[in-house]
Amino acid sequence: MRIIIEEHKYAAADVKDVLKGIDALENVEGYVSVNYVGYFYNTDKGVRDCVFILPKVLLEDVDGKELVFGKYAPEEIINLNAHNPLTQQEKDFIYEFAVWIYRAIVVFHNDKRNKTNIIYHKKIAEVGKGGRHLSNTFLDILLSLVQFNKDNQDFFFYVLRNIHAGFNKINWNRTIATTPAIIQDSNAVYLRPVNKKRQINFDEELLVIFFSILNYIHEHYGFPVDINCNFELITGKQFKVYLNGMGKMRLKQIKYKYFSDKALELWDLCYAFLDSARQIYVSSEQKEYLLVKNFNIVFESIIDELVGDRNIPTGLKEQDDGKRIDHIYSYKGLTTYEEDKPIYYIGDSKYYKRGIQIGKESVYKQFTYARNVIQWNLNLFMNDDRDDKDLQYDKKNFGKVPKLRDDVTEGYNVIPNFFISAKLNKELSYKDEIEITDKQNTHFSNRHFQNRLFDRDTLLICHYDVNFLYVVSLYARNNSLQKEAWKTKARDMFRTEIQKMLTEQYSFYAMQAHSGVDAKQYLKEHFQQTLGKIFTPFGNDEVFSLALDKDDPEGNNEALLTELRKHFFVVGNGIGENPEPAITKVVEVEGEKYSVPTLEKVQ
């Protein structure tokens with residue numbers, strides 16, 4: 001097995017033979033860089049091996065050098081079969097990682113919604129009797145197992161028919177010889193006939209092992225397989241015992257029972273899967289490949305499938321100025337506790353080498369996306385000729401398009417904006433990890449005026465890292481329930497972390513007017529003092545949210561609070577929290593001074 005890393009600059013002499021057959025061009029400096037990810041079989045006489053081009057996220061910049069796992073020069077690990085510095089754990093990781101990358105590309109390719117021509121595909125390895133090469137790729141083994149199942153349904157039917165032929169018939173010779181008979185009307189009646197006893201059938205045992213392996217491949221890696229048998233399969237902890245050596249030992253014990261070519265071929269496949277060396281003979285009569293150009297498009301599709309919404313109103317994802325948002329979805333707003341008050345979340349996925357910082361251009365683009373969304377929303381709600389159908393949205397996402405501008409305060413709801421970049425787990429684990437980035441800049445902000453959170457020009461971006469291994473494996477399994485569960489978890493985390501960021505910078509309050517005070521008229525008369533600081537995010541439009549910058553850049557936070565308290569009940573209330581308990585309590589305490597009815601939640 002040969003390993004090439006996407007976009008790494010190799011000396012042409014080091015990879016000339018390995019990359020023969022794909023359009024990797026040498027530059028004027030004598031270097032070759034490949035902009036593909038995937039798998040192909042090199043039929044060149046000097047190589048005759050499979051070549052995996054793995055994503056650049058494996059690379060980390062260390063003192064100006066690109067190193068795999070932060071330790072090895074890519075040139076050192078080109079040939080996994082030859083002597084190289086990789087540990088056995090790292091080699092095993094690469095074997096399995098190649099499977100997940102293959103599966104992710106297949107799922108992307110089979111998704112009809114991905115209309116792109118970046119996939120280059122020709123049928124991959126099949127077991128056969130033609131020219132063979134010795135390959136130790138785990139992917140070859142899995143594909144061969146799946147293909148054998150597709151091509152040999154007649155063989156399985158024949159074996160199963162023979163297994164059950166004659167079973168449970170009476171053995172008259174043994175019955176007459178060993179059991180007493182009752183003579184009735186000159187006829188012998190045997191009350192305890194002896195059935196033909198079922199012996200251990202080694203063909204059946206081999207099929208049980210084979211279909212158990214297929215079931216594991218389907219559940220663990222997401223390969224689509226059809227298992228047409230009624231055997232009790234080996235699963236769960238018992239199958240792990242087989243993976244840890246029991247299966248290999250049992251296959252050795254029953255190997256001598258098989259004589260047909262098909263049975264021996266099946267035994268070889270099962271043993272190859274369970275053998276830690278992972279060696280198998282596969283056909284190489286034709287050139288085989290599955291390659292994707294610009295893997296960043298696949299990564300974007302992975303994140304969009306796991307985070308975004310597909311049913312987006314026209315003009316949001318594909319914006320009128322020609323810009324295209326990577327990810328956008330409707331989810332519970334930052335400033336409210338109510339489920340039916342959603343807001344748009346705007347995301348951009350970054351497929352970089354490890355350690356690369358977000359550039360200024362990307363930040364500027366992300367702010368532009370948010371401005372376009374705000375303008376789209378304004379155009380929608382200010383258009384008197386609109387049909388109510390324009391406001392209909394994906395029903396599972398709260399039912400309607402959210403209105404971003406508050407007519408009473410002329411404030412704007414906070415638009416959540418985020419980057420999500422790929423990160424390789426240091427222990428090479430596939431565990432679920434998503435967290436605020438460990439890079440220098442964890443968030444970005446843009447504003448035209450100080451101390452105005454609820455202003456259309458105050459925009460914020462958070463930056464998250466996600467375990468590349470986990471999201472690729474989750475996408476590759478193509479299990480809708482698992483994907484939906486992670487989507488809910490990720491969205492909730494995005495919301496919570498952005499709220500934490502805002503809480504660090506702003507103090508949040510809830511306000512309701514005193515009895516006899518016309519809140520709308522007051523805000524109109526004091527428009528300049530309250531603009532961008534007050535918003536109405538709750539279902540009860542008599543309750544307002546107030547946000548003040550903790551740094552107090554204008555130096556008048558206390559003066560503003562003192563003035564507002566003359567006309568409003570003002571209580572501390574965290575962003576996104578229900579304000580009614582706090583306001584109700586202060587109304588009860590100050591009830592003698594102000595006669596205000598208890599709040600009733602607006603349904």
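What is the extension gain from D17 to D438, computed as 0.36 nm multiplied by their sequence separation minus the C-alpha to C-alpha distance, in nm to one decimal?
Between D17 and D438, full extension yields 147.6 nm more.
With unit charges on the beta carbon (Lys/Arg positive, Asp/Glu negative), name the residue among H220, P74, I420 whose Cα is farthest towards the positive pole of the charge dipole of the chain.
Farthest towards the positive pole: H220.
How many percent of DSSP beta bridges within the chain run antiparallel, rounded to 5?
About 80 percent, rounded to the nearest 5.
May I ask you to derive the FRET efficiency for Q521 and D552 from their Cβ-Cβ distance with R0 = 25 Å, giving the value to the nearest 0.05?
For Q521 and D552, the calculated efficiency is 0.35.
P(r) tail for the range 1-117, what percent of Cα pairs lie past 22 Å?
Tail fraction, whole percent: 35.
Putting +1 on Lys and Arg Cβ atoms and -1 on Asp and Glu Cβ atoms, find which of N294, V15, T409 reaches farthest to the positive end of the dipole of the chain.
So the residue furthest toward the plus end is V15.
Please report the Cα spread of the range 442-545 along all three principal axes, rounded to whole Å, starting with the longest.
61, 29, 20
Which value, in debye to the nearest 20, describes the size of the charge dipole of the chain about its Cα centre when Lys and Arg Cβ atoms bear +1, Asp and Glu Cβ atoms bear -1, and nothing else is charged?
Once rounded to the nearest 20, the dipole reads 2800 debye.
In whole Å, how far is the Cα centre of the range 46-65 from that of the range 476-511?
The range 46-65 and the range 476-511 have Cα centres spaced 34 Å from each other.
Nearest 500 deg cm²/dmol is fine: what mean residue ellipticity at 222 nm does the chain get from its DSSP H runs of n ≥ 4 alone, each adding -39,500 (n - 2.57), divided by its residue count?
For the chain, the value works out to -11000 deg cm²/dmol.
Sorting check: for 333-342, 351-360, 265-274, which peptide has the highest mean count of neighbouring beta carbons within 10 Å, and how do the rest follow?
The packing order, highest mean first, is 265-274, 333-342, 351-360.
What value in Å³ per residue do you get for the convex hull of the alpha-carbon atoms in the range 518-566?
82
Write down the Kirkwood hydrodynamic radius of the range 51-93, to one decimal in angstroms, obtained as one divided by the mean of 1/r over all alpha carbon pairs.
So the Kirkwood estimate lands at 11.0 Å.
With the other protein chains left in place, how much accessible area per residue, in square angstrom, belongs to the chain at a 1.4 angstrom probe?
Accessible surface, normalised per residue, equals 50 Å².
With each label point set 7 Å from Cα along the Cα-Cβ vector, what nm distance links S445 and C229?
Spacing of the two 7 Å Cα→Cβ label points: 6.3 nm.
Ratio of Rg to Rh for the chain, alpha carbon only, Kirkwood?
Numbers: Rg = 33.1 Å, Rh = 29.2 Å.
When Rh is taken as the Kirkwood radius, the ratio is 1.14.
In this model, which of K293/K323; K341/K365; K20/K255; K150/K350; K65/K317 are farther than 31 Å apart at the alpha-carbon?
Pairs exceeding the cut-off: K20/K255; K150/K350; K65/K317.
Roughly speaking, what is the centre-to-centre gap between the range 399-452 and the range 73-116 when only Cα atoms are used, to the nearest Å?
Comparing the Cα centres of the range 399-452 and the range 73-116, I get a distance of 32 Å.
Using only Cα atoms, figure out Rg for the range 450-510 and give it as a multiple of 2.2 N^0.38 Å.
Against the empirical 2.2 N^0.38 Å value, I get 1.55 for the range 450-510.
Ranked from highest to lowest mean number of other Cβ atoms within 10 Å per residue, what is the order of the peptides 205-213, 444-452, 315-323?
Per-residue mean Cβ counts within 10 Å order the peptides as 205-213, 444-452, 315-323.
Once neighbouring chains are kept in place and the probe is 1.4 Å, which whole percent of the accessible area of the chain is contributed by carbon and sulfur?
Whole-percent figure for carbon plus sulfur exposure: 46.
What dipole magnitude, in Debye to the nearest 20, does the range 200-241 give about its Cα centre under +1 on Lys/Arg Cβ and -1 on Asp/Glu Cβ?
With only Lys, Arg, Asp and Glu charged at Cβ, the dipole is about 260 debye.
Highest mean first, how do 294-300, 90-96, 53-59 rank when packing is the count of other Cβ atoms within 10 Å averaged over residues? It would help to have the intermediate numbers written out before the result.
Numbers: 294-300: 21.1, 90-96: 17.7, 53-59: 23.7.
My ranking of the peptides, most packed first, is 53-59, 294-300, 90-96.
Work out the charge dipole of the chain with +1 on the Cβ of Lys and Arg and -1 on the Cβ of Asp and Glu about the Cα centre, then indicate which of I5, S330, Q253 is farthest towards its positive end.
Going by the Cα projections, it comes out as Q253.
Where nothing but the Cβ of Lys and Arg (+1) and of Asp and Glu (-1) is charged, how large is the charge dipole of the range 228-382 around its Cα centre, in debye to the nearest 20?
I would put it at about 800 debye.
The values are calculated or read from the model by the stated rules, or taken from the named source; none is laboratory data. In this text, all values refer to a predicted model and were calculated from it rather than measured experimentally. FYI the Cβ positions are ideal-geometry reconstructions off the backbone, even for glycines, and counts take in every protein chain you see. The protein model used for the area step is the full one, side chains on, heavy atoms only, and it has no ligands, DNA or RNA in it. Shrake-Rupley method; radii C 1.70, N 1.55, O 1.52, S 1.80 Å.
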